[in-house]
Amino acid sequence: MNSDLANLIELQKADAEISRLQAEIAALPKRVATIEAQLAGSKDRAEKAKAALKADEAARRKHEMDIETFRQKISKYRDQMLSVKTNQEYQALGNEIAHAERDIAKLEDKILETMLDADSKNGELKRAESDLKVHSAEIEKEKAIAQQRTAEDEKQLADWKQRRDSLRKSVEDDVLRHYDRVLKFRGSALAEALDHRCSVCQVLLRPQVYNDLRSSEKFITCDSCQRILYYDPAHDSNPVVPKPTEVTEGETEQAGNVAAQ
């Protein structure tokens, strides 16, 4: 494998790591924002539950005041019954008392309903306050994690960018332009040739192309995806065996003389 191709493989690793780190750095604030939204929801639920309880308490106090007003009326009507002179007046006062007693019964039912409803709302308030406590702790934890991880990622990102810049300087301009163009549109610019195929797009390579990859150091691209292809004999079940170097008669004699010395 020629040095440019080896550098390109390392360059692609650097670009992939840079992309991963940039995505992680961008994702961390979103994680914090998600928990902040949950925290805001818990706060809203707690506030609404408190407001509902206050409204129920205000309604209960009003009902109790209305009941007291009706009881005062009943007491007044009974006092009046002692001084009436006709059955018609007595019956009219009795009807007023009956109406007031029915109104009192309705108000007492409403008070009971608000008390039962308050139990449910108190339960909702406790759940909301519990969630609020949990989410408050989570948001602080996530913020601390996000700050630490962001600092670590940014340091690694700077290191990888420096390595990428160094690798780019070691690759020929024409090859680098092709690499950049394919990387931009494909997300990756290199692909290993495995079992006669491009390992990324899975298109079958022509036999001559595959043989050239295995036996030469030429730059060869995939006809389908335009990625730069490379061959690793360690991943081949039947790797190309390098031909033994021919040794001339003179070289053999010279080697023998060196050994004799």
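The values are calculated or read from the model by the stated rules, or taken from the named source; none is laboratory data. It should be emphasised that the depicted structure is a prediction, and the values quoted were computed from it without experimental measurement. Note that we place each Cβ from the backbone using ideal geometry, even for glycine, and neighbour counts take in every protein chain shown.
Okay, here's what the table says:
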{"quantity": "Hits in segment 162-185 (condition: surrounded by 15 or more Cβ atoms within 10 Å (Cβ to Cβ) and among the charged types (D, E, K, R))", "calculated": "Arg163, Arg164, Arg168"}
{"quantity": "Neighbours by Cβ (under 6 Å, 6+ apart or cross-chain): first from segment 128-148, assigned by TED's automatic domain parsing to the domain that holds Lys50; second buried (at least 17 other Cβ atoms within 10 Å of the Cβ) and among the small types (Gly, Ala, Ser)", "calculated": "Ala128/Ser42; Ala128/Ala46; Ala128/Ala49; Glu129/Ala46; Asp131/Ser42; Leu132/Ser42; Leu132/Ala46; His135/Ser42"}
{"quantity": "Residue check for Lys143: under 30 Å from Leu39 (Cα atoms), of a type in the set (Lys, Arg) and surrounded by 12 or more Cβ atoms within 10 Å (Cβ to Cβ)", "calculated": "yes"}
{"quantity": "Sole exception among (1) surrounded by fewer than 16 Cβ atoms within 10 Å (Cβ to Cβ); (2) under 30 Å from Thr69 (Cα atoms); (3) in contact (Cβ under 8 Å) with a residue 12 or more places away in the chain for Thr114, by number", "calculated": "(1)"}
{"quantity": "Residue that is in contact with a Leu (Cβ under 9 Å, 6 or more places away or on another chain) and modelled with pLDDT of 85 or more, where the choices are Asp79, Asp66", "calculated": "Asp66"}
{"quantity": "Options Ala33, Ala59, Ala49: the member that is assigned to a helix (DSSP H, G or I) and either outside the structural domain of Gln162 (by TED's automatic domain parsing) or surrounded by fewer than 15 Cβ atoms within 10 Å (Cβ to Cβ) (or both)", "calculated": "Ala33"}
{"quantity": "Which numbered condition Glu154 fails, given (1) farther than 30 Å from Cys222 by Cα; (2) without any contact (Cβ under 8 Å) to a residue 12 or more places away in the chain; (3) not aliphatic (A, V, I, L, M)", "calculated": "(2)"}
{"quantity": "Selected residue [surrounded by 12 or more Cβ atoms within 10 Å (Cβ to Cβ) and either at positive phi or assigned by TED's automatic domain parsing to the domain that holds Glu124 (or both)] from Lys73, Lys54", "calculated": "Lys73"}
{"quantity": "Any hit, segment 159-174, residues being within 23 Å of the chain's Cα centre (by Cα), of a type outside the set (D, E, K, R) and outside the structural domain of Ala189 (by TED's automatic domain parsing)", "calculated": "no"}
{"quantity": "Residue list for segment 190-222, restricted to those being among the acidic types (Asp, Glu) and modelled with pLDDT of 90 or more", "calculated": "Glu192"}
{"quantity": "Matching entry among Glu142, Glu138, Glu154 (being in a helix (DSSP H, G or I) and touching a Lys or Arg at 6+ places or on another chain (Cβ under 9 Å))", "calculated": "Glu142"}
{"quantity": "Residue within segment 180-187 that is modelled with pLDDT of 85 or more, outside the structural domain of Leu8 (by TED's automatic domain parsing), of a type in the set (Asp, Glu) and part of a helix (DSSP H, G or I) present", "calculated": "yes"}
{"quantity": "Enumeration of residues in segment 147-186 that are out of contact with any helix residue (DSSP H, G or I) (no Cβ under 8 Å at 6 or more places or on another chain), closer than 29 Å to Leu28 by Cα and of a type in the set (D, E, K, R)", "calculated": "Glu152, Lys155, Asp159, Asp165, Asp180, Lys184, Arg186"}
